Amino acid sequence: MINTEQKLKERVKELTCLNEVTSIIVNSGYDELTTSLEAIAYSLKRGWRFQEVAEAKITIGTYKVQTSGITADMICLSKDVIVFNKVEGSISVCYPSSGHTLKDFLDEEKTLLKNVCLAVGNLMERKHIHDSEVVTKRQLERNDRMHIMGEITAGIAHELNTPLANILGFAELLMEEAKSPATKRDIQKIMDNAIFSREIVKKLMFFTCEMPQEMELIELNKVVDSVLRLMGPSLKAKQLKVIKSYDHDHIQIRANTVQLTQVMFNLIMNAAYYSPEQGIITVEMLKKKNKVIINIADQGKGIAPAHKNKIFEPFYTTKPIGEGTGLGLSVVHGIIKSYRGTIVHKPNKPQGTIFTMEFPD
């Protein structure tokens, strides 16, 4: 039993603890939650009746903090932390099992722990809201940039088509009249570069989804096999192994054959480019309810955090000058979007990148 004076001292400690916890939460930054939770744990330790031997631990999602003296065999008073009406973790205050039992925890301490859990739960809810707002803001900014770039590239594509067609047409006329082999070689260079430029314009039009699409049911397995045959020399040069995994023999989607081939070629070529020698590229195709999923994974260095939100933007590339135009993935994104599909990327384990595409069945 504790007397009135001791009870008063305990109430003061509890109120001081709750005040400290509230102050920590108010001044907590969303990027330094681990530090804030550690401070709350030590504040709880000081707020309990037997503070000399009390220890505390907090476990919420990926956050796990505890005071330095806690051990697995201690007697603990625990309360759940509720985040958006769901149990996301718990907070515990513990005494050594030798010399202490659950009866040593006061009813007022149980109420204090409950209030601390409510305050921490509110903090985690605000963090989730903040993180969602940041993601939404970034997505809106990216969509705005993509919309503007789409309008620009559409204009560029239309403006370049006519002069390129004229260059190629007049070069062909000159080729018919040319007699000198040297002159023919020079004209051929003009034609080759005009054709190359026209292909870039086509990519721009793919990006803006303005290419006419002749849609049909296409066997994905056959498209992948065709792309791998085309890439045979490139794969062999780096001694890369491709593992194909199909959960059905006949997986079909409605698409344009040329566009779908370009999508698979770009993604597998990227995987090959960034793969180490003797690496493994995995192509997995899954047929789920109302959708088809394609995963293409490599074992490269992965996508750096600074690049992960930019890789689908036109003209953005991490390849050295002369090795990439920055249009490959933006074209892929545009084509998949025109099919009402999605494409995302995530880290591969232990290293590399996985591109995941989803198409409506």
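The values are calculated or read from the model by the stated rules, or taken from the named source; none is laboratory data. Being a predicted model, the structure only gives us computed values, none of them experimental. Please note: Cβ atoms are built from the backbone with ideal geometry, for glycine as well, and neighbour counts cover all protein chains shown.
Key figures
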read-out	value
Counted residues, the stretch 50-73 - those being surrounded by fewer than 19 Cβ atoms within 10 Å (Cβ to Cβ) and charged (D, E, K, R)	3
Residue list for the stretch 71-106, filter: part of a loop (DSSP other than H, G, I, E, B) and out of contact with any helix residue (DSSP H, G or I) (no Cβ under 7 Å at 6 or more places or on another chain)	71, 72, 73, 74, 85, 96, 97, 98, 99, 100, 101, 105
Residues being assigned to a loop (DSSP other than H, G, I, E, B) and not hydroxyl-bearing (Ser, Thr, Tyr) - total across the stretch 269-286	4
Residue 115 vs. criteria part of a helix (DSSP H, G or I), more than 35 Å from the chain's Cα centre (by Cα) and at pLDDT below 90	no
Single residue of the stretch 330-356 satisfying the filter (modelled with pLDDT of 90 or more and touching a helix residue (DSSP H, G or I) at 6+ places or on another chain (Cβ under 6 Å)) that is surrounded by the fewest Cβ atoms within 10 Å (Cβ to Cβ)	343
Given (1) farther than 18 Å from residue 227 by Cβ; (2) at pLDDT 85 or above; (3) not in a strand (DSSP E or B), index of the condition residue 314 fails	(2)
All positions within the stretch 1-47 that are closer than 16 Å to residue 57 by Cα and under 30 Å from the mean Cα position of the chain (by Cα)	33, 34, 35, 36, 37, 38
Residue match in the stretch 3-19 (condition: under 21 Å from residue 130 (Cβ atoms) and crowded, with 16+ Cβ neighbours inside 10 Å)	no
Positions within the stretch 153-185 being exposed (fewer than 14 other Cβ atoms within 10 Å of the Cβ), at pLDDT below 85 and over 13 Å from residue 197 (Cα atoms), in sequence order	155
Whichever residue in the stretch 235-260 is modelled with pLDDT under 85 and assigned to a helix (DSSP H, G or I) and, among such residues, is nearest to residue 220 (Cα to Cα)	257
